[in-house]
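The values are calculated or read from the model by the stated rules, or taken from the named source; none is laboratory data. Since this is a predicted model, take the numbers as computed values, not measurements. Ideal geometry is used to build each Cβ from the backbone, glycine not excepted, and the neighbour counts take in all protein chains shown.
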Amino acid sequence: MPKIGELTLTSAEAFDFRLLIKALGKGEKGSRALTFAEAALLIEGFASGHATRVQMASAMMLMRVRGETVDEVAGMVAGLRRSVVTGWESLTVDIDWPVYAGKREQLPWLLLVAKLLASQGIRVMLHGDSQALPHRRHVESCIDALNIRCCTCPNSAQDALNSDHIVYVRAGDLVPVLDDCRQLHQELGLRSLIQSAARCINPTNAPISLRSYFHPGLDDLHQQVCETLFAHKDYSAGQIAIFKGLQGETEINPRVATDIRVISGQANKLVLSSITIPTLLEGFSGAKIGQAELSSEILALLWREQQSLNTNMLSELMSCTMIEQALSSITATLAVVLLLLNQQSKHRLGLQQPFTVEQAISVSQQCWQNRFSSVNSPLANWHNKE
């Protein structure tokens, strides 16, 4: 049986989306994967109401059973980016920080890194979906403890970025169709390529974007998706860091060495590089016990206390191993961001040569210790022009 050839695509309003389902599902020998353009059109059609829920659910399931291709995931990202609510793309953001995984028991220590960066004037946008995996501890449930605003529209987000340099946005407020896709996931009981694609939308086109994964092989997928989006001009210049996150979340695990792939798009070419953050807690054990019971207010307490390991109030609520792991997660995650910032412009961090990983870890610790001082922090001059 011959495979269905590439289709002639039209606007979402005029296209017959049954043709895409037929291409995906025409038997073992007659079916094929969607092209980049077809995948983009499918999600755009669903977002605009021209592809039905049944058609979208069928496509998601067929792609899942066969295994999604790079072009299908990248096409979905492109279609989602074209479906972003008008206004978000005009915000000025330095770091795009998707937080979709949540954690099984730990608090999101990454919020303290984002808070520190924001306190030094670096603009951070966090975005996620706390309803996708409701059994996990999501960033959204902890932002109030650190006075990080959750904004639902570009205007209020702009206000938050102007005053606080940080904002959290729900995925459905960026791209409403993501809420519809999540509902389909929950009805079907399946994951889909949308869950990978949502992490990649970078709605404000921030020059630095973080990408985490958990399952083996997704690092290759994310790299190839980024390369495809740069090739199709859906991504402009910028750096994308891809790494296996702590329990899948966009935070470095200090208990293992973490390899980070960095894709830099610049002047019609891609530069690939890598960073390895070494294990900061060799032979470490025992920190998981009791973490699920920790209140999000611990984040505020850890932020306020200058000497975290020597504070009675903290030690009554957390064991020394918990505190040590939290601080190490902060150090490792911030070190990655510092390396990315420094790669953008080595002079902005006051160095004549690019950071080494060891320097980044050391500077990260200094930044945390000096987080209440804009004068002594190594990040103080990052926004100054060369």
Out of the residues in the range 163-211 that are at positive phi and of a type outside the set (S, T, N, Q), state the one that is surrounded by the most Cβ atoms within 10 Å (Cβ to Cβ).
His165
Of everything in the range 168-193, what is at pLDDT 95 or above and in contact with a His (Cβ under 9 Å, 6 or more places away or on another chain)? Give them in sequence order.
Tyr168, Val169, Arg170, Ala171, Asp173, Leu174
What tally of residues in the range 60-86 results from selecting those that are in a helix (DSSP H, G or I), under 14 Å from Cys226 (Cα atoms) and β-branched (Val, Ile, Thr)?
3
Sort out which residues of the range 87-138 are under 14 Å from Tyr168 (Cβ atoms), part of a strand (DSSP E or B) and either touching a Leu at 6+ places or on another chain (Cβ under 6 Å) or not acidic (Asp, Glu) (or both), and write them in order of number.
Ile95, Trp97, Pro98, Val124, Met125, Leu126, His127, Gly128
Kindly list, by first and then second residue, each pair from a residue in the range 221-244 that is in contact (Cβ under 8 Å) with a residue 12 or more places away in the chain and at negative phi to a residue that is of a type in the set (Asp, Glu) and surrounded by 19 or more Cβ atoms within 10 Å (Cβ to Cβ), limited to pairs with Cβ atoms under 8 Å and residues at least 6 apart or on different chains.
Thr228/Asp71
Keeping to the range 43-55, report how many residues are among the aliphatic types (A, V, I, L, M) and more than 23 Å from the chain's Cα centre (by Cα).
2
Taking the range 233-275, which residues are part of a strand (DSSP E or B) and among the charged types (D, E, K, R)?
Lys244, Asp259, Arg261, Lys269
Test each condition in (1) in contact with a strand residue (DSSP E or B) (Cβ under 8 Å, 6 or more places away or on another chain); (2) polar (S, T, N, Q); (3) within 22 Å of His222 (Cβ to Cβ) for Ser83 and report the one that comes out false.
(1)
Would you point out which residue out of Asn310, Asn370, Asn376, Asn342 is modelled with pLDDT under 95, on the phi < 0 side of the Ramachandran plot and within 26 Å of the chain's Cα centre (by Cα)?
Asn342
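Pick from the range 345-367 the residues that are outside any helix (DSSP H, G or I) and closer than 19 Å to Ala257 by Cα: which of them is modelled with the highest pLDDT?
It comes out as Thr356.
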Please specify each residue of the range 7-59 satisfying the condition of being in contact with an Asp or Glu (Cβ under 8 Å, 6 or more places away or on another chain) and outside any helix (DSSP H, G or I).
Leu7, Leu9, Ala12, Ala33, Leu34, Thr35, Ser48, His50
Odd one out for Asp94 among (1) under 19 Å from Ile208 (Cβ atoms); (2) of a type in the set (Asp, Glu); (3) over 18 Å from the mean Cα position of the chain (by Cα):
(3)
Members of the range 140-178 that are closer than 27 Å to Gly45 by Cα and either free of Cβ contacts under 8 Å to residues at least 40 places away in the same chain or not in a helix (DSSP H, G or I) (or both)
Cys151, Thr152, Cys153, Val169, Arg170, Val175, Pro176
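Let's see how each residue does on (1) under 12 Å from His165 (Cβ atoms); (2) modelled with pLDDT of 95 or more; (3) of a type outside the set (Lys, Arg):
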site	(1), (2), (3)
Ala78	no, yes, yes
Val85	no, yes, yes
Pro98	no, yes, yes
Pro134	no, no, yes
Arg137	no, no, no
Glu140	no, yes, yes
Of everything in the range 212-241, what is of a type in the set (D, E, K, R) and more than 15 Å from the chain's Cα centre (by Cα)? Give them in sequence order.
Asp220, Glu227, Lys233, Asp234
Within the range 56-66, count every residue that is more than 24 Å from the chain's Cα centre (by Cα) and farther than 15 Å from Arg182 by Cα.
3
Residue count, the range 280-303, condition surrounded by fewer than 16 Cβ atoms within 10 Å (Cβ to Cβ), closer than 19 Å to Ile143 by Cα and either of a type in the set (A, V, I, L, M) or at pLDDT below 90 (or both), comes to 2
